[in-house]
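A.B. asks: Here you go, one structure.
The values are calculated or read from the model by the stated rules, or taken from the named source; none is laboratory data. The model shown is predicted, which means the values in this text are computed figures rather than measured ones. Backbone-built Cβ (ideal geometry, glycine too); neighbour counts: all protein chains shown. Side chains are part of the model used for accessible areas, which takes the heavy atoms of the whole protein and leaves out ligands, DNA and RNA. Shrake-Rupley method; radii C 1.70, N 1.55, O 1.52, S 1.80 Å.
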Amino acid sequence: MKITIHRGSREIGGVCIQVQSGDRSILLDAGSPLGESLSTVDLNALDFSDIVISHPHQDHFGLIETLSSKKTVYMGPIARKLIEATRLFLQQPPLTCSFGELKSGEWVEFGSDIRIKPYLMDHSCPDAFGLLIEAEGKRVYYSGDFRASGPRKDAFDYFLAHPPRDVDVLLMEGTMMGRGNARFPNEKAVENGMIEVLKQLGDRACFLISSGRHVDRLCAAYSACLETGRDFVVDMYTAHVLRTVSDKFLRVPDINTSSRLKVLANGCTAGAHYVRIKENRKFFGDFKDDLFRPETRVSKEQIAANPSRYFLRISHFSDMLRALSPCGVIYSMWSGYLEEPRFKRIKEDPRVEFHEIHTSGHAVVDDLRKMVDAIRPKRIVPVHTEHPEAYEMFGDVLLLPDGQPLDI
Ligand SMILES: [Zn+2]
């Protein structure tokens with residue numbers, strides 16, 4: 001078996017790894033870079049038949065839209081639905097690839113040469129998998145992105161108790177090498193932080209800045225609303241993300257069943273989202289009919305009349321921010337994005353009480369070590385990290401530069 005990291009050996013994001021055995025060649029992830037990248041990846045210049053996507057984050061799947069020939073892309077069913085819905089909301093054309101499904105614990109065969117078993121992991125999006133790759137009697141485990149501090153920590157604990165054995169190479173992410181996560185060590189701490197801020201804001205409204213696909217964070221915000229007597233107001237896109245995931249996970253709120261979850265029903269964003277939903281009836285099913293029920297919808301005017309009642313996670317909210325100021329903003333993403341002018345402006349707005357409450361979607365060093373200790377691989381290859389040299393602490397490490405094949 002031969003593995004080549006096309007991108008990701010010395011950077012976070014943009015991951016693309018090729019596995020070759022016999023006549024078969026597949027890619028593990030095909031991500032867009034998060035910023036300036038050290039390597040260029042052109043999927044159409046690579047020779048492969050299938051792509052296995054570990055989880056639905058742009059830096060792991062973003063390149064699939066560049067495919068010019070028919071390939072099969074494997075991912076979890078929720079991941080696929082979230083990606084397809086996002087494209088519809090953004091008016092992007094449908095993906096032209098075929099899809100295969102990943103299910104935790106079930107092998108997927110790629111001809112007679114390669115097979116892959118996904119392991120469900122705790123990460124900051126649903127359907128996140130680590131991947132065990134088997135070919136020619138050799139085994140590689142690719143960690144994907146993972147953490148042990150979210151609501152699916154039990155998946156990580158299960159993994160530690162039942163790790164893959166006889167692993168020749170562990171390709172392990174190391175986003176948190178050189179980063180800390182001490183202030184809010186887990187999602188529960190984030191929820192408690194939100195509760196504290198919402199109480200302290202008194203009669204002021206509060207906005208949440210977070211990824212619309214970070215379902216754990218949306219759940220934390222909803223729980224904080226239950227605790228503080230506020231309604232959690234989301235845009236139609238976010239409501240659909242929650243619908244998609246709540247179909248499978250009952251703990252996730254849904255507009256039909258969760259009394260404190262409301263949809264913003266007017267304004268530019270609502271108008272644009274509603275058009276997309278109407279245009280794509282087949283995809284969205286009866287979701288459209290649920291949006292405007294009196295017990296579900298809330299208008300900008302209702303919010304302005306009683307701002308202390310609401311915690312809002314909506315896209316493009318600058319006009320509402322102006323209308324509801326003074327107000328609070330909880331920024332709940334990686335602090336590096338705060339350099340972007342759109343967030344900087346909000347942070348520096350004197351009418352805004354700005355709070356940063358975030359925990360990482362990635363494993364801290366102690367949890368990375370737990371994975372290594374459980375798997376006991378022959379060799380560790382760093383990936384998705386800015387500090388590959390720091391992996392030395394874990395054992396026998398091989399620094400594999402982008403583009404250089406490794407025969408196993
Ligand atoms: Zn990720």
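A.B. asks: How many nm is it between the label spots at ASP203 and ARG293, if each spot is 7 Å from the Cα in line with the beta carbon?
C.D. replies: It works out to 3.3 nm between the two label points.
A.B. asks: Mind listing which GluC sites (Glu not before Pro) in region 284-347 are in a DSSP loop and have 15 or fewer other Cβ atoms within 10 Å? Mind dumping the intermediate values first?
C.D. replies: Details: sites: GLU295, GLU301, GLU339; in loops: GLU295.
Passing both the DSSP loop test and the Cβ count: GLU295.
A.B. asks: First check a/c for region 65-192, with a ≥ b ≥ c the square roots of the eigenvalues of its C-alpha gyration tensor; if it is under 1.5, answer rounded, and if not, answer prolate when a/b is larger than b/c or oblate otherwise.
C.D. replies: It is oblate, given that a/c is not under 1.5 and a/b is not larger than b/c.
A.B. asks: Also: Quick check: Cα centre of region 238-295 to Cα centre of region 92-117, how many Å?
C.D. replies: Rounded to whole Å, the Cα centres lie 29 Å apart.
A.B. asks: Distance in nm between label sites at ASP157 and SER69, each 7 Å beyond Cα in the beta-carbon direction?
C.D. replies: Label-label distance for ASP157 and SER69, simple model: 4.8 nm.
A.B. asks: While we're on this one: When the label point is put 7 Å from the Cα of LEU226 along its Cα-to-beta-carbon vector, which residues of region 304-346 have a backbone N closer than 20 Å?
C.D. replies: Those under the cut-off are 309-313.
A.B. asks: Filter the GluC sites (Glu not before Pro) in region 1-79 to those in DSSP coil with at most 14 other Cβ atoms within 10 Å of their Cβ, and list the result.
C.D. replies: Answer by residue number: GLU36.
A.B. asks: Under the rule a/c < 1.5 gives rounded, and otherwise a/b versus b/c splits prolate from oblate, where does the chain land using the Cα gyration tensor?
C.D. replies: It comes out prolate by the Cα gyration axes.
A.B. asks: Summing Lys, Arg as +1 and Asp, Glu as -1, what charge do residues with Cβ under 14 Å from the Cβ of SER21 carry, SER21 excluded?
C.D. replies: Values: positive: LYS2, ARG24, ARG115, LYS138, ARG139; negative: ASP23, ASP47, ASP50, GLU109, ASP113, GLU134, GLU136, ASP168, ASP407.
Charge balance in the 14 Å sphere: -4.
A.B. asks: In terms of modelled amide H atoms, which long-range or inter-chain residues lie less than 5 Å from the amide H of GLY144?
C.D. replies: Here the answer is LEU131, GLU173, since their amide H atoms fall under 5 Å of that of GLY144.
A.B. asks: Could you tally the net charge around GLU301, taking each other residue with its Cβ under 14 Å from the Cβ of GLU301, Lys/Arg +1 and Asp/Glu -1? Display every interim value, and only then the final one.
C.D. replies: Values: positive: LYS262, ARG297, LYS300, ARG309; negative: ASP319.
Around GLU301, the charge tally is +3.
A.B. asks: Say the dipole of region 115-184 comes from +1 at the beta carbon of Lys and Arg and -1 at that of Asp and Glu; which of HIS162, PRO126, ALA148 then lies farthest toward its positive end?
C.D. replies: Final value for the positive-end residue is ALA148.
A.B. asks: When Lys and Arg each count +1 and Asp and Glu each count -1, what net charge do the other residues less than 12 Å away from ARG213, Cβ to Cβ, add up to? Numbers along the way, then the final one.
C.D. replies: Details: positive: LYS81, ARG217, ARG313; negative: ASP127, ASP216.
Combined, the nearby Lys, Arg, Asp and Glu give +1.
A.B. asks: Give, rounded to the nearest 20 debye, the magnitude of the charge dipole that the chain has about its Cα centre when Lys and Arg contribute +1 at Cβ and Asp and Glu contribute -1 at Cβ. It would help to have the intermediate numbers written out before the result.
C.D. replies: Details: 52 positive and 56 negative charges, 246 e Å.
Result for the chain is approximately 1180 debye, rounded to the nearest 20.
A.B. asks: Loop-only check: which trypsin sites (Lys or Arg not before Pro) in region 1-78 are DSSP coil with at most 10 other Cβ within 10 angstrom?
C.D. replies: Taking region 1-78 and a limit of 10 other Cβ atoms within 10 Å, the loop trypsin sites (Lys or Arg not before Pro) found are LYS70.
A.B. asks: Give me the distance between the Cα centres of region 1-61 and region 345-361, rounded to whole Å.
C.D. replies: Spelled out, the Cα-based centre of one part sits 34 Å from the other.
A.B. asks: For the chain, give me the percentage of DSSP beta bridges that are antiparallel, rounded to the nearest 5 percent.
C.D. replies: If I count the DSSP bridges inside the chain, around 45 percent turn out antiparallel.
A.B. asks: Can you put THR4, THR96 in order of accessible area, largest first, using a 1.4 Å probe? Please list the in-between numbers first.
C.D. replies: Values: THR4 10, THR96 95 Å².
Output order, biggest surface exposure first: THR96, THR4.
A.B. asks: Express as a percent, rounded to the nearest 5, the fraction of DSSP beta bridges in region 1-155 (both residues included) that run antiparallel. Could you put the intermediate results ahead of the total?
C.D. replies: Working: 28 of 38 bridges.
DSSP beta bridges in region 1-155 are roughly 75 percent antiparallel.
A.B. asks: How far apart, in nm, are the 7 Å Cα→Cβ label points at GLU386 and LYS347?
C.D. replies: With each label point 7 Å from Cα toward Cβ, the separation is 1.4 nm.
A.B. asks: Mind grabbing the base-10 log of I(q)/I(0) for region 187-356 at q = 0.12 Å⁻¹? Debye formula, identical points on the C-alpha positions, no solvent, two decimal places.
C.D. replies: Result of the Debye calculation: -0.50.
A.B. asks: Then there is this: Hey, can you find the accessible area per residue of the chain for me, probe 1.4 Å, expressed in square angstrom? Show your work: numbers first, answer last.
C.D. replies: Numbers: 17030 Å² over 408 residues.
Dividing the accessible area of the chain by its residue count gives 42 Å².
A.B. asks: Suppose R0 equals 30 Å. What FRET efficiency, 1/(1 + (r/R0)^6) with r the Cβ-Cβ distance, do SER49 and ASP247 give to the nearest 0.05?
C.D. replies: For R0 = 30 Å, the calculated efficiency reads 0.45.
A.B. asks: If you roll a 1.4 angstrom probe over the protein chains with everything in place, what fraction of the accessible area of the chain belongs to carbon and sulfur, to the nearest %? Provide the component values of the computation, followed by the final result.
C.D. replies: Working: 8180 of 17030 Å².
Heavy-atom surface of the chain belonging to carbon and sulfur, 1.4 Å probe: 48 percent.
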